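Following: one structure in structure tokens, then a few remarks.
The values are calculated or read from the model by the stated rules, or taken from the named source; none is laboratory data. This structure is a prediction, so every number in the text was calculated from the model and none was measured. Neighbour counts are summed over all protein chains in view; Cβ atoms, including those assigned to glycine, are modelled from backbone coordinates with ideal geometry. Accessible surface is based on the protein model in full, side chains and every heavy atom, while ligands, DNA and RNA are left aside. Shrake-Rupley method; radii C 1.70, N 1.55, O 1.52, S 1.80 Å.
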Amino acid sequence: MFDKVLIANRGEIALRIIRACHELGIRSVAVYSDADAHAPHVREADEAVNIGPPPSSQSYLLGDVIIDVAQRFGAQAIHPGYGFLSEREWFARAVRDAGLVWIGPPAEAIAAMGSKTAARTLAVAHGVPVVPGTTEALRDAGAARDVAKQYGYPVLLKAAAGGGGKGMRVVREASELESSLEAARREAKNAFGDDAVYVEKYIEGPRHVEIQILADSHGNCVSLGERECSVQRRHQKMVEEAPSVAVSPELRREMGETAVRAALAAGYVNAGTCEFLLDSNGKFYFLEMNTRLQVEHPVTELVTGIDIVQWQIRVAAGERIPFRQEDIAPTGWAMECRITSEDASNNFLPSTGTVSYLHLPSGPGVRWDGGIEAGSVIGLNYDPMLAKLIVWAPDRNLAIERMHRALLELTIEGIETSRDFHLRLMEDEEFRRGEIEIQWLERRLPSLTTVTPPADTARAAAIAAALLADRDRQRGRASTVTTGSSGTPSTSAWQRAAREEGLR
Ligand code: MV4
């Protein structure tokens with residue numbers, strides 16, 4: 001086992017990896033930008049090194065600098081977390097070439113899954129179901145029209161170098177094909193420097209279900225089951241859960257075997273995720289493979305009891321996976337809410353400022369994977385995700401109740417966060433019935449972000465406002481509201497104050 005690992009990341013995931021290292025008896029080296037000098041991950045690591053100014057392009061993305069730090073500080077391995085350098089083939093290769101261990105998949109596997117058309121070709125060759133469509137980039141609008149005629153409208157144009165929804169265009173009729181192809185090409189060129197576009201049949205209203213896999217360097221690969229990730233907005237997941245209401249044990253086995261087949265085909269080692277669309281008939285289609293640890297990995301950890309980050313480190317050190325596929329089955333239900341510095345009532349506008357007060361939920365079945373504390377300055381240099389609130393309970397209804405309770409306990413002051421939005425989500429009837437698919441949240445947003453509080457809450461808030469207003473006015477004369485002869489505020493005085501002040 002390694003005795004020192006460098007963590008090339010920040011925030012909650014850097015802390016998550018530091019914790020795994022410490023449980024394995026491994027010392028941790030953090031890197032940080034000027035903006036993160038006082039960040040929790042810097043304090044919790046055994047050593048920390050400043051690598052540059054706040055913009056990631058001048059700090060967390062400086063692969064060569066990070067490799068140099070690892071060598072100077074005697075780390076034997078680098079864990080990239082997610083985002084930043086985690087899926088850069090060149091970095092995985094540079095780490096290996098520097099004589100260090102990359103805690104992630106081989107550079108070749110990142111490359112094999114990086115091109116969406118190459119991944120589709122690989123999938124088809126290994127009997128992994130993909131959405132009907134081409135595996136070759138389109139030559140021109142004529143070729144697109146021929147393919148669309150074959151599969152029928154609507155079709156979806158996708159960037160070959162893409163992923164994450166960039167360079168995607170739904171085409172509902174032949175007359176739109178030419179302009180949509182141009183638009184998709186332009187967007188793909190801008191985002192990926194490659195204007196290759198291919199076409200698929202467009203699947204309406206599917207769920208986004210992904211399978212977590214774990215592979216060692218001895219040819220063993222297991223599926224850790226699915227995560228339901230349909231609750232998303234503009235390709236940003238808001239809530240994830242495991243298992244999925246739409247996945248039976250039989251479907252789980254089938255999707256798991258498929259994901260393992262795709263991973264082995266790519267020569268995969270370490271933790272990875274196969275993304276699928278699951279349609280309303282229970283048919284599933286491989287979309288792409290994420291060749292990194294994912295944000296939502298904790299829900300899988302909570303239902304399987306397997307520490308994914310520890311096993312990433314163990315398999316990178318050459319250990320064998322000790323569990324057998326037939327012994328892995330989800331127990332209970334886990335759910336995760338991504339707590340972001342965004343104002344849901346203002347079109348998810350990013351919010352900045354200083355966290356002036358922080359109270360964290362706890363109690364049975366509650367896990368907080370966070371990267372902030374009171375005093376943290378939230379700027380615009382990094383992702384707005386501050387933390388993840390994760391719960392486990394015996395079933396889905398209890399998990400939702402537990403999440404609601406934990407969200408009520410959570411207080412973050414000084415910045416706007418998604419906390420209230422998540423509370424409304426947990427109260428939503430359709431969500432509670434599990435009637436979700438990838439377009440559900442965006443359709444449901446109006447009713448989730450413009451809520452009228454229940455009447456009793458409104459009355460209590462009005463009374464509190466009246467009392468505060470009254471106290472402010474009387475400051476210097478008396479510190480309490482007018483009281484009757486009993487010495488406690490009389491109900492009628494409160495009601496009068498509420499009428500006069502709060503409900504004006
Ligand atoms: C699709 C699709 C419908 N039909 N492909 C979006 C990002 C990329 N991973 C693939 N994506 C989609 N591919 C076909 N043939 C719908 C999506 C999609 C989506 C997929 C997963 C999670 C969220 C999504 C949101 C919008 C569209």
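Computed quantities for the displayed model
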{"read-out": "Selection from region 443-456 of residues that are open to solvent by 70 Å² or more (accessible area, probe 1.4 Å), more than 16 Å from the ligand (Cβ to nearest atom) and part of a helix (DSSP H, G or I)", "value": "Pro446, Ala455, Asp456"}
{"read-out": "Count of region 177-192 residues which are open to solvent by less than 70 Å² (accessible area, probe 1.4 Å) and either more than 30 Å from Ala271 (Cβ to Cβ) or within 12 Å of the ligand (Cβ to nearest atom) (or both)", "value": "7"}
{"read-out": "Residue in region 206-228 that is within 14 Å of the ligand (Cβ to nearest atom) and outside any strand (DSSP E or B) present", "value": "yes"}
{"read-out": "Hits in region 292-327 (condition: in a helix (DSSP H, G or I) and of a type in the set (A, V, I, L, M))", "value": "Val299, Leu302, Val303, Ile308, Val309, Ile313, Val315, Ala316"}
{"read-out": "Filter pass, Glu409 being among the charged types (D, E, K, R) and closer than 24 Å to Leu302 by Cβ", "value": "yes"}
{"read-out": "Residues of region 35-54 classified as of a type outside the set (Val, Ile, Thr) and not in a loop (DSSP other than H, G, I, E, B), total", "value": "10"}
{"read-out": "Pick from region 282-310, criterion crowded, with 23+ Cβ neighbours inside 10 Å, closer than 14 Å to Ala215 by Cα and away from the ligand (no atom under 16 Å from the Cβ), ranking: nearest to the chain's Cα centre (by Cα)", "value": "Leu293"}
{"read-out": "Filter result for Ala316 (crowded, with 19+ Cβ neighbours inside 10 Å, over 22 Å from the mean Cα position of the chain (by Cα) and either away from the ligand (no atom under 12 Å from the Cβ) or at pLDDT 95 or above (or both))", "value": "yes"}
{"read-out": "Hits in region 368-412 - residues which are among the hydroxyl-bearing types (Ser, Thr, Tyr) and in contact with a strand residue (DSSP E or B) (Cβ under 8 Å, 6 or more places away or on another chain)", "value": "Ser376, Thr411"}
{"read-out": "Pairs with Cβ under 7 Å, 6+ apart, first in region 66-78 and free of Cβ contacts under 8 Å to residues at least 60 places away in the same chain, second assigned to a helix (DSSP H, G or I)", "value": "Ile67/Ala94; Ile67/Val95"}
{"read-out": "Residue count for region 411-442, restricted to those that are open to solvent by 30 Å² or more (accessible area, probe 1.4 Å), free of Cβ contacts under 8 Å to residues at least 40 places away in the same chain and either outside any loop (DSSP other than H, G, I, E, B) or within 16 Å of the ligand (Cβ to nearest atom) (or both)", "value": "5"}
{"read-out": "Among residues of region 193-228, those that are surrounded by fewer than 18 Cβ atoms within 10 Å (Cβ to Cβ), of a type outside the set (D, E, K, R) and over 18 Å from Gln310 (Cβ atoms), counted", "value": "3"}
{"read-out": "Number of the condition not met by Ala246 [criteria: (1) within 16 Å of the ligand (Cβ to nearest atom); (2) open to solvent by 10 Å² or more (accessible area, probe 1.4 Å); (3) out of contact with any Lys or Arg (no Cβ under 6 Å at 6 or more places or on another chain)]", "value": "(3)"}
{"read-out": "Long-range neighbours under 7 Å by Cβ, at least six apart or interchain, first residue under 19 Å from Leu15 (Cβ atoms) and in contact (Cβ under 8 Å) with a residue 24 or more places away in the chain within region 303-327, second surrounded by 20 or more Cβ atoms within 10 Å (Cβ to Cβ) and basic (Lys, Arg)", "value": "Val309/Arg16"}
{"read-out": "All positions within region 64-91 that are under 22 Å from the mean Cα position of the chain (by Cα) and either in a loop (DSSP other than H, G, I, E, B) or of a type in the set (Gly, Ala, Ser) (or both)", "value": "Pro80, Gly81, Tyr82, Gly83, Phe84, Leu85, Ser86, Glu87, Arg88"}
{"read-out": "Filtered residues of region 205-228 (kept if without any contact (Cβ under 8 Å) to a residue 60 or more places away in the chain and closer than 18 Å to Leu277 by Cβ)", "value": "Glu226"}
{"read-out": "Qualifying residue in region 90-100 (condition: open to solvent by less than 50 Å² (accessible area, probe 1.4 Å) and under 25 Å from Gly256 (Cα atoms))", "value": "no"}
{"read-out": "Selection count, region 138-168, where residues are away from the ligand (no atom under 13 Å from the Cβ), out of contact with any helix residue (DSSP H, G or I) (no Cβ under 6 Å at 6 or more places or on another chain) and not polar (S, T, N, Q)", "value": "6"}
